[in-house]
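Asker: Before I ask anything, here is the structure I am working with.
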């Protein structure tokens, strides 16, 4: 299971660099759960103006726990830090 910070506009057809890196490097595991700490999609400027409660979806913690219960390994991941 991979826990990332927040979702972006990537989807099943168009992946972002972080998701692509995860998928490419975990092929031997058979499957991977990817969840986000914050469930609301927000760009960098809007993200920092929100409270944690604004960024958490109602079922987010439940889905993280449900995925964690099925996982053998839990890793944290995030994208690049911009300069």
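Asker: What length, rounded to one decimal in nm, is gained on full extension from residue 78 through to residue 15, with 0.36 nm per residue of separation minus their alpha-carbon distance? Working shown, then result.
Answerer: Working: separation 63, 0.36 × 63 = 22.68 nm, distance 1.39 nm.
That pair, residue 78 and residue 15, stretches by 21.3 nm at full extension.
Asker: Follow-up question, since we're still on this one. Neighbour counts of other C-beta atoms within 10 Å: give me 4, 27, 15, 20 arranged from fewest to most.
Answerer: Working: 4 20, 27 8, 15 15, 20 12.
Result, fewest neighbours first: 27, 20, 15, 4.
Asker: May I ask you to list the residues of region 56-70 whose amide nitrogen lies under 13 Å from a point 7 Å from Cα along the Cα→beta-carbon direction of residue 31?
Answerer: Within reach of a label on residue 31: 67-70.
Taken together, the values in this text are just the output of simple stated rules run on the coordinates, not laboratory data. Just so it is clear, the model here is predicted, and its values are computed rather than measured. Reconstructed Cβ throughout: ideal geometry from the backbone, glycine too, with neighbour counts over all protein chains shown.
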